Amino acid sequence: MTESPIRLLMDFDARVRRDQDQPPAFLHRRDRKFALTCHQDGLEPGPRQWLAYLDRFNDAGGPTVGNQLVRRWRRITLGFMGVGAVMGLLAMLGLLFYDGGQRINITVILGFVLLQGLLAVLTSVQSLAGWQPWRPLLRRLSDSRHAQPSGALRKLQPQLMARAAHCGGLAFGVSGLFTLLVMVVLQDLAFGWSTTLNTENAGFLALVQTIAAPWQGLWPAAFPDAALVEATRFFRASGGAGEVNPATLGAWWPFVAMVWLYYAILLRLALVAITQLQLLQRARRLLRQHPGQTALRYRMETPTLETGNAHNDAEHQPDTATDNQLRPLPESDTVICWAGAGEPELPDALRGPDTLVLRAGGRASLSDDAHALATVATHLQQISRPAVILVTRSWEPPTGELQDFLQQAQEHWPAASHVAIVPLAASGVGEPPAHQIQQWLRFAERLGHGFVGISQPQLTQRNPYGREDQNHG
């Protein structure tokens, strides 16, 4: 079953959050033009068409946020299935343990299957109610970047985790049934039934026949009769099989196999399908109710207005105050020149005889970027203080391409590594203007983690707020 609604929701949510950094006038003109283009082409504008329209201008070559989410949850689900398969094998071996002196108790197997059914129903109930008892496990399975998921993902996590748990339970059931069939072929299993309660044969017969009612016409051998129930009851203190025909003790295995198939496998399979449908419906509903949808429709339906005002405020600087500060330049022998920065040569403070200099971004291809990431990852694993200097042009604003590059770097580089972005002035020497430094400080602040900082190569540097910071890096 396709997971396109989940991908679409996460891609739309990521694009809306990224647009929060853009001016409202720019967003209005862009989305109004998109609506007019759809009208000319006879298309109905929607989130899918909107994302495809924006990707035409953003050169989106890597995996999207939605694709990354789907792949991550597929790995989690496969992990649950692997654990479930192993647990199903061990559980069935424990239930069928037979040392030749005591029979395998049918009531124990029925109680275990009942417990599996209760756990399956409880998993579906917590999914419907939106509970997240799996949150501690999710924190272990997710890295630091996904420890605090976005609002859309947080609302999908109960269904995603319920689906993974049901898939693990399904693997548990299939593994247990396969183990049962192998044990029936390889060993002579002796079944019986016993309970401490004062239960008559007729009462137990009614119970097992009610359980076996769904397959009575499909497999009559798996439908217990009164003679089998009466002949296979045992009491623990009585020891062995007594006068019972040994072949009769093995006649319970078709009933056990069908109980396991119906109530441990088919039940889980039905719950997997129900949870998947619920997940897709919830993703579609969250997409329809997303706050970005209202803003997008307003921008598409409202014409843009050019006033023709002769006043030009191009020289006015916006309020770009930020609490982020310049950091000392770290000691590093690894330098990445982003989008042609540092040409024709780097400042003396950034290069040495053993400095590893790589190029990425700008005119570099995606394969060049991937090669730079892999080279730096290999190099950082060999040193004790993994720090990387990334040189940029101060007058060029940070781009989404650079943000994606840094996110990929955090994924592939060692956990203790960090990046110092050094914006260079147009002349290559001296400090850039304060308003150019501020845009890079705001960029590092938006990333929201300590992986990226802004530095300057001078030993004594002045921050954009007039105070002097000593760089002892």
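Structural remarks
- From the list 420, 377, the lone residue that is at pLDDT 85 or above and assigned to a helix (DSSP H, G or I) is 377.
- Out of 51, 69, one residue alone is touching a helix residue (DSSP H, G or I) at 6+ places or on another chain (Cβ under 7 Å), under 21 Å from residue 300 (Cα atoms), open to solvent by less than 30 Å² (accessible area, probe 1.4 Å) and not in a loop (DSSP other than H, G, I, E, B). It is 51.
- The number of residues in segment 326-361 that are more than 15 Å from residue 423 (Cβ to Cβ), assigned to a loop (DSSP other than H, G, I, E, B) and open to solvent by less than 70 Å² (accessible area, probe 1.4 Å) comes to 5.
- For residue 33, the criteria (1) open to solvent by less than 70 Å² (accessible area, probe 1.4 Å); (2) among the basic types (Lys, Arg); (3) more than 24 Å from the chain's Cα centre (by Cα) hold in every case but one, which is (1).
Per-residue answers, yes or no, for (1) touching a Cys at 6+ places or on another chain (Cβ under 9 Å); (2) at pLDDT 90 or above:
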| residue | (1), (2) |
| --- | --- |
| 59 | no, no |
| 80 | yes, yes |
| 94 | no, yes |
| 99 | no, no |
| 103 | no, no |
| 141 | no, no |
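- Residue pairs meeting the criteria (Cβ under 7 Å; at least 6 apart or on separate chains; first open to solvent by 20 Å² or more (accessible area, probe 1.4 Å), in segment 256-272; second in a helix (DSSP H, G or I) and β-branched (Val, Ile, Thr)): 263/113
- Only one entry in 97, 112, 26 is surrounded by fewer than 19 Cβ atoms within 10 Å (Cβ to Cβ), of a type in the set (A, V, I, L, M, F, W, C) and in a loop (DSSP other than H, G, I, E, B), namely 97.
- As a summary of the residue check, residue 196 satisfies the conditions (1) in a helix (DSSP H, G or I); (2) of a type in the set (Ser, Thr, Tyr); (3) surrounded by fewer than 13 Cβ atoms within 10 Å (Cβ to Cβ) except for the one numbered (1).
- First in segment 277-304 and farther than 25 Å from residue 127 by Cβ, second anywhere and among the aromatic types (Phe, Trp, Tyr) and surrounded by fewer than 12 Cβ atoms within 10 Å (Cβ to Cβ), Cβ under 7 Å, 6 or more apart: none
- When residues of segment 273-283 are limited to those that are within 19 Å of the chain's Cα centre (by Cα) and not hydroxyl-bearing (Ser, Thr, Tyr), the one surrounded by the most Cβ atoms within 10 Å (Cβ to Cβ): 283
- Top-ranked residue of segment 428-460 - restricted to ones that are charged (D, E, K, R) and under 21 Å from residue 21 (Cβ atoms), ranked as surrounded by the most Cβ atoms within 10 Å (Cβ to Cβ): 442
- Residue 361 under 21 Å from residue 22 (Cβ atoms) and in contact with a Leu (Cβ under 8 Å, 6 or more places away or on another chain): yes
- Residue check, residue 425 open to solvent by less than 30 Å² (accessible area, probe 1.4 Å) and closer than 21 Å to residue 384 by Cα: no
- Scan segment 365-383 for residues that are within 17 Å of residue 407 (Cβ to Cβ) and open to solvent by less than 80 Å² (accessible area, probe 1.4 Å) and the total you get is 8.
- Tally, over segment 73-94, of residues that are touching a residue at least 40 places away in the same chain (Cβ under 8 Å), more than 12 Å from residue 167 (Cα to Cα) and either open to solvent by 70 Å² or more (accessible area, probe 1.4 Å) or polar (S, T, N, Q) (or both): 4
The values are calculated or read from the model by the stated rules, or taken from the named source; none is laboratory data. The structure presented is a predicted model; accordingly, all values stated were derived computationally and were not measured. Don't worry about glycine lacking a Cβ; one is built from the backbone with ideal geometry, like all the others, and counts go over all protein chains shown. Each accessible area value is taken on the protein alone, full model and side chains, heavy atoms only, with ligands, DNA and RNA left out. Shrake-Rupley method; radii C 1.70, N 1.55, O 1.52, S 1.80 Å.
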